[in-house]
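Following: one structure in structure tokens, then a few remarks.
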């Protein structure tokens, strides 16, 4: 009798787990592939295929502060790979301590390769196009295309690395520099326990975490937070009620009032939340999103359950060794802090 009870209990448990996995996939949740070949197929760019040489060069450029006018700001300044891939600020701070004029925060660069659109207004289609923007933006890195190219080509090590990556006859242009940064960013993928579970490892999540996932699905969070990025597409903000901090900053979304949905991957590490960084805790963000997107006054218990599930999206980050950058030469443009 006891043996039969144990077998029955195990059967129910496995059935629930299998059912939940199916529900997650039916809701549009997609795992990062465990197979490296399958993952490469997802993140690669046929126009500029990922290679070890390009990603190493892209990493150098990602950490290169001399791409900015002041010589102080790199891509990593606002998209800090040592934390959650962002800067932890409510609004990004750039050249001459300029706060983003629209009071927009820096989205994470981790898993950005999976986003349907880049920037809060979705104006860039991919990470390469995104990488080209901040370097030239006055409130950010405030540089010019000409100065960036002059800086990179003034250092023999960069020239040699571009030749190694693209061939001896390569012409180093601003676009190629941005594309190479994007090539590196494509590799910043962070698989997590959530992915392990969807990939078939039933014990990757605890019973409580699975309950949180079920609540996440049942309440309707997957209406927006779906796909492999659990976000990254464009949607309306405030479908059923007005966001309570909408008056902070003047950002209204794109021409159709659409806003990029933030990824939930590594969400515990990317506070403060929302485009203008006005929500400081994950639980408050869950409650506010339920209110303004789903017309749901979510209970404290349900918010806590969903929050527990979101912790399973904390991913395993690729090992990033801080690079030693090439030495400047007499031809390298001088930094300008003004």
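Read-outs throughout are calculated quantities, based only on the coordinates presented, and are distinct from any laboratory measurement. These numbers come from a predicted model, not from an experiment. Glycine gets a Cβ as well: all are built from the backbone with ideal geometry, and neighbour counts include every protein chain shown.
Miscellaneous remarks
- Check on residue 178, under 20 Å from the mean Cα position of the chain (by Cα) and either crowded, with 19+ Cβ neighbours inside 10 Å or under 18 Å from residue 74 (Cα atoms) (or both): yes
- Selection of region 160-175 for residues being out of contact with any helix residue (DSSP H, G or I) (no Cβ under 6 Å at 6 or more places or on another chain) and surrounded by fewer than 19 Cβ atoms within 10 Å (Cβ to Cβ) yields 160, 163, 167, 168, 169, 171, 173, 175.
- Which numbered condition residue 250 misses (of (1) surrounded by 14 or more Cβ atoms within 10 Å (Cβ to Cβ); (2) touching a residue at least 60 places away in the same chain (Cβ under 8 Å); (3) in a loop (DSSP other than H, G, I, E, B)): (1)
- Residue match in region 226-233 (condition: touching a residue at least 12 places away in the same chain (Cβ under 8 Å) and part of a strand (DSSP E or B)): yes
- Within region 165-185, residues that are assigned to a loop (DSSP other than H, G, I, E, B) have Cβ atoms under 8 Å from residues that are buried (at least 24 other Cβ atoms within 10 Å of the Cβ) in these pairs: 172/152, counting only partners at least 6 apart in sequence or on another chain.
- Count - residues of region 110-143 that are in contact (Cβ under 8 Å) with a residue 40 or more places away in the chain and part of a loop (DSSP other than H, G, I, E, B): 20
- If you filter region 73-103 down to residues that are touching a residue at least 24 places away in the same chain (Cβ under 8 Å) and part of a helix (DSSP H, G or I), you find that the one that is surrounded by the fewest Cβ atoms within 10 Å (Cβ to Cβ) is 96.
- Selected residue (criterion: surrounded by the fewest Cβ atoms within 10 Å (Cβ to Cβ)) from residues of region 257-270 that are part of a loop (DSSP other than H, G, I, E, B) and touching a strand residue (DSSP E or B) at 6+ places or on another chain (Cβ under 8 Å): 257
- Filtered residues of region 38-72 (kept if within 16 Å of residue 114 (Cα to Cα) and in a helix (DSSP H, G or I)): 38, 39, 40, 41, 42, 43
- Among (1) more than 30 Å from residue 247 (Cβ to Cβ); (2) out of contact with any strand residue (DSSP E or B) (no Cβ under 8 Å at 6 or more places or on another chain) - the single one residue 95 does not satisfy: (1)
- Scan of region 283-336 for residues that are farther than 16 Å from residue 64 by Cα and part of a loop (DSSP other than H, G, I, E, B), ordered by number: 295, 296, 297, 298, 299, 314, 316, 317, 318, 319, 330, 331
- Filter result for the condition that a residue is surrounded by 15 or more Cβ atoms within 10 Å (Cβ to Cβ) and within 19 Å of the chain's Cα centre (by Cα), over 194, 216: 194
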